[in-house]
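The values are calculated or read from the model by the stated rules, or taken from the named source; none is laboratory data. Fair warning: this is a prediction, and the values are worked out from it, not measured in the lab. Here Cβ is always computed from backbone atoms with ideal geometry, including for glycine, and neighbour counts include all displayed protein chains. The protein model used for the area step is the full one, side chains on, heavy atoms only, and it has no ligands, DNA or RNA in it. Shrake-Rupley method; radii C 1.70, N 1.55, O 1.52, S 1.80 Å.
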Amino acid sequence: MNKFSDFAKEEAGLEGDKVTISELFNKKIIVVAYRKLKSRAVQGKTCVEIQFKLNDELRVTFTNSAVLERQLDQFKEMLPFEASIKKIHNYYTFT
């Protein structure tokens with residue numbers, strides 16, 4: 001008989017202390033991993049949890065940015081990578 005606990009693994013959050021995305025503007029970070037979640041802020045949309053290193057410390061941030069989500073999906077094979085997050089007008093982007 002199969003045991004539920006043997007095959008159903010609860011998805012844990014990414015490790016690291018939470019930082020607001022605005023604290024990261026124009027700072028060099030190393031993006032380590034990410035995962036998509038259902039957004040609590042915008043119904044029917046996704047949110048991205050980004051795990052990164054800043055000053056050799058593992059941290060996470062959350063964003064509803066479609067641009068950052070698209071960039072992470074497009075370049076996921078390149079993880080980990082060094083980047084900065086910039087706010088340009090009303091959206092965020094990696095540079």
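Some notes on this structure:
- The strands (runs of 3 or more DSSP E) falling completely within the stretch 1-70 include none with 3 or more residues that are aromatic (Phe, Trp, Tyr), surrounded by 12 or more Cβ atoms within 10 Å (Cβ to Cβ) and touching a Lys or Arg at 6+ places or on another chain (Cβ under 9 Å).
- Count of residues meeting criterion [open to solvent by 30 Å² or more (accessible area, probe 1.4 Å) and touching a residue at least 24 places away in the same chain (Cβ under 8 Å)] in the stretch 77-93: 8
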